[in-house]
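Student: Can you keep this structure in mind? I'll have questions shortly.
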Amino acid sequence: MSGPGSMLAQPLRRPSGGRIAAYAGLLLLGAVTGLAGALVQAGWFPGGLLLALAGAAGLFLGGAQAVRSRAGAVAPAAGWMVAVILCTAGRPEGDFVFGAAGGSYLFLLGGMALAVICATLGLGRQPLGPDVRLGK
């Protein structure tokens, strides 16, 4: 996997079927987490909001650790974003999931900030194994 040049100069490799299935599962899990967080954050205001954001952050970082790439954090973040955006849309009857309270805005903005932070902190192309030190 180590070749000459930077990562941008490397040829693109097609992901395996298992990796694609993992990304699809993380996307679906992100959507479920976004829907659950949208319902919980307003139920128990300070604790529910913290619980929803902690669950989202755990999923984003866990996805990056499981797949060992930043895309493992982006996939559940995309599913979370789609679910939350769909929850913000009102129905023809006038019903909606999010109210105009500050907790809803904190959930939306905080979740997006966590997605960016976790995707940035996710594992990049780091060498693994016992040979990673230069002296060996």
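Every number here is computed from the coordinates shown, using simple stated rules; none is lab data. The shown structure was predicted, so the numbers you read here are calculated from the model rather than taken from an experiment. Reconstructed Cβ throughout: ideal geometry from the backbone, glycine too, with neighbour counts over all protein chains shown.
Student: Hey, with R₀ at 22 Å, roughly what FRET efficiency would residue 113 and residue 24 work out to, going by the Cβ-Cβ distance, to 0.05?
Tutor: Result of the calculation: an efficiency of 0.30.
Student: Can you tell me the length gained on complete extension of the stretch residue 39 to residue 54, counting 0.36 nm per residue apart and subtracting the Cα distance?
Tutor: Numbers: separation 15, 0.36 × 15 = 5.40 nm, distance 1.44 nm.
Length gained, residue 39 through residue 54: 4.0 nm.
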